[in-house]
1. Quick one: compute the contact order of the stretch 138-271, relative version, from alpha carbon pairs under 8 angstrom and 6+ residues apart, as a percent.
2. In the full protein assembly as shown, how much of SER284 is accessible to a 1.4 Å probe, in Å² to the nearest 10?
3. Bin width 10 Å, alpha-carbon pairs only: give the P(r) of the stretch 582-635 as whole percents, running from 0 to the bin holding the largest distance.
4. Taking 1 over the mean of 1/r across every pair of different Cα atoms in the chain, what Kirkwood radius in Å do you get?
5. Counting only the backbone N, which residues of the stretch 565-594 are under 19 Å from the spot 7 Å out from the Cα of SER539 toward its beta-carbon?
6. What's log10 of I(q)/I(0) for the stretch 613-705 at q = 0.12, 0.15, 0.19, 0.26 Å⁻¹, Debye sum over Cα points only, no solvent?
7. Report the accessible area of TYR185, computed with a 1.4 Å probe over the heavy atoms of all protein chains in place, in Å² rounded to the nearest 10.
8. If the only charges are +1 at each Lys and Arg Cβ and -1 at each Asp and Glu Cβ, what is the size of the charge dipole of the chain around the Cα centre, to the nearest 20 debye?
Amino acid sequence: MSTPVSIQIEDGIAVITIDSPPVNAISAAIRRGLLAASEQLATDTSVKGVVLLCAGRTFMAGADISEFGGFMPPPELRNVLTVFESLPQPIVVALHGTALGGGVEVALAGHYRIADKGAKLGFPEVTLGIVPGAVGTQRLPRLIGAENALKMFLDGKAVGAEEAKALGLIDEVVEGDLRTAAVDYTKKLLAAGKGPRRVRDLQVAPLSEERISELRAQARKQHKGVITPELDILAVRASWELPFEQGLALERAISDGSLATPESKAMRHLFFAEREVAEVPGISKADAPRDVKRIGIIGSGTMGGGIAMAFANAGIHATLIDIDQAALERGLATVRKNYDASVKRGRMTAADVEQRMSLIVGSTSYDSLKDADLVIEAVFEDMGLKKKIFAELDRVCKPGAILATNTSTLDINLIAAATKRPQDVLGLHFFSPANVMRLLEIVRTDTTANDVVATAFALAKKIRKIGVLSKVCFGFIGNRMMDPYAREAQRMVLEGATPAQVDSALEGFGMAMGILAVFDMAGVDVGVKVRAANPDKGSPDPTFYRADQVLYGQGWLGQKSGKGYYKYEAGSRERHPHEEALKLLAEEAQKLGVARRSDISAQEVLERCIYSMINEGARILEEGVALRPGDIDVVYTSGYGFARWRGGPMFYADQIGLDTVLAGIQKYGKRFNAVDWTPAPLLVKLAAEGSSFTAWAAARAKSAS
Ligand code: CAA
């Protein structure tokens, strides 16, 4: 069997090369190979110096995450590194690409470190709910100090080569051929009589309790709801409180324990789900993405402007079209204002703003789109208007140009039929603010061509978004599942729960914002208009989306009018009770004969909101609207503020058991409107079999392959 670890010895210098595409993730084979290489070199007196480097696009991007959670074949990386670090010859580790997690831990066991000038080094484990487990928590503080080490673990972001040098994490930044640089560096060390320099022999100055508290507070804000930062602090503390060997043992217990937490399982699930979304059955390499260099956007409102910014941020030209010069100027001024706000926050420079604004041009003529490779329509939700726009785009755009709509509710099959190129039409559903939100729903019609779908995924990656495929249906994946979720939240308000009670239960569960606060932020009128435009998507139950109607009737549209589910002081987003609204909602409940209750618990809020959302998710899977349960989880965690540490609604359902979800749905079905609480057939089937969404998806993938 070929090994990913090889040794070449030349002029007394052994070069260990790790070659395991795509990212040299530290698998069992690499661990075995590195151990064997270390044992061989330990007794080879002809070898005077050792270099370790990686082939391919990057140094090791960490432990092989796919091994976590199951049996991890020996040897353990931490033990391999003890042997590696003990080598009698000086070891130079040469880094390039993205050295992450276990990769940096390998480098820390070397005696000297050099890095290509484009290299990045970091510990992203906190984003996976893991504490580094290959002695990083003991070696890094010894090398760069406890505070800098703890910051790197808690932050999770990688630092560039120059910064790594300033921190003392690497000794030298190099350019050109890395292998040559590493061998030359080793020769220089030998010539200067330098030998091994082991990090484990260094001492750590303790970090003050006050500073620890400050870093803890910051980490709690950055990683809400997760325990990993606390565990990181515990492990790093051992670096000065305990001798190296004992610190190593403590880190082992903490790191292994972190792997077993539900939050780590959830975040690792998302790591792979976010990479799997781009795999679309039936689309192969032969469906090469079309070249997209120039974008057209119809509508320069909030959405159109945000979309233009998303493209300009990635260096792509965007032409914004609006009906008249005044509207255009307003749109462009808003774009500039948003960029200026980023400058104020120190996120970009004034020069960056000019460069990005130069990529966005305005026009009032569709003829300006004749060279566009892709046009995205982002006007308000009106089928007649959209059909007209698409017919016009079909006329002016060159053959092969892709025509997309940002609609969130309308039937894109009908929009495509307004053109003579339905194969080139699809939905690109951005989320507001479009320049910030990571999610992009890619909506395929009955006729969208494979290469158009492939182009959309490639483009999503280019503009640093996560594309998730959906079929056409009312609300696609995200908004369709939000429908029952919001329905129940509004009903509970009629039944006597306060908006704060509903939202705090949801936020306590891990939603970034309670749904009623979301309505206030987006505008209560937005939901009301969507419902009015889609009367066939209602319910015979008079309580259905009734709370929104009550507020809308009073002109209480949320934050923009200072009143909605909550009351707001001018210029503030802080929520205050809106007594008038509560009174009116109570009167409405009485009119509708809704029994008022004072016993709505946080548990009831969660069951009614989250279980009904999961039930809709099961239908979406069964209908093939979403390809996999993981795709739904990605939609919810990247676009709807569902806590990553819960893994998304479908993963959460699997964790609590589908029988629990079904029992909840049946319970509320008996108590309330049975039509709204009809369990999805797939949920009933899987619950009866004692199965899960994950197992169902795996079985389907297996039978398809
Ligand atoms: N383990 C297993 N597979 C990995 C991996 C890892 N650490 N890192 C990347 N991959 C896989 C991806 O799943 C993907 O596989 P498919 O092609 O089959 O989908 C492939 O490698 C390429 O990855 P990306 O699509 O993400 O490629 P990219 O160029 O956009 O990004 C990267 C490359 C920056 C390295 C990114 O993959 C990444 O951030 N990886 C995770 C790094 C990480 O979290 N490391 C810490 C691991 S935990 C640890 O190390 C604990 C410890 O203490 C021992």
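1. For the stretch 138-271, the relative contact order is 32 percent.
2. Taking all protein chains as shown, SER284 has close to 70 Å².
3. Taking every Cα pair in the stretch 582-635, the percentages come to 20, 29, 25, 22, 4.
4. Details: mean 1/r = 0.0355 Å⁻¹.
Computed over the chain, the radius equals 28.2 Å.
5. 585-586, 588-594
6. Result of the Debye calculation: -0.36, -0.56, -0.89, -1.38.
7. 30
8. For the chain, the charge dipole is close to 480 debye.
The values are calculated or read from the model by the stated rules, or taken from the named source; none is laboratory data. Please read these numbers as outputs of a predicted model, since none were measured by experiment. Quick reminder, even Gly has a Cβ in these numbers, built from the backbone with ideal geometry, and neighbours come from all protein chains shown. These area figures cover heavy atoms from the full protein model, side chains too; ligands, DNA and RNA do not enter into them. Shrake-Rupley method; radii C 1.70, N 1.55, O 1.52, S 1.80 Å.
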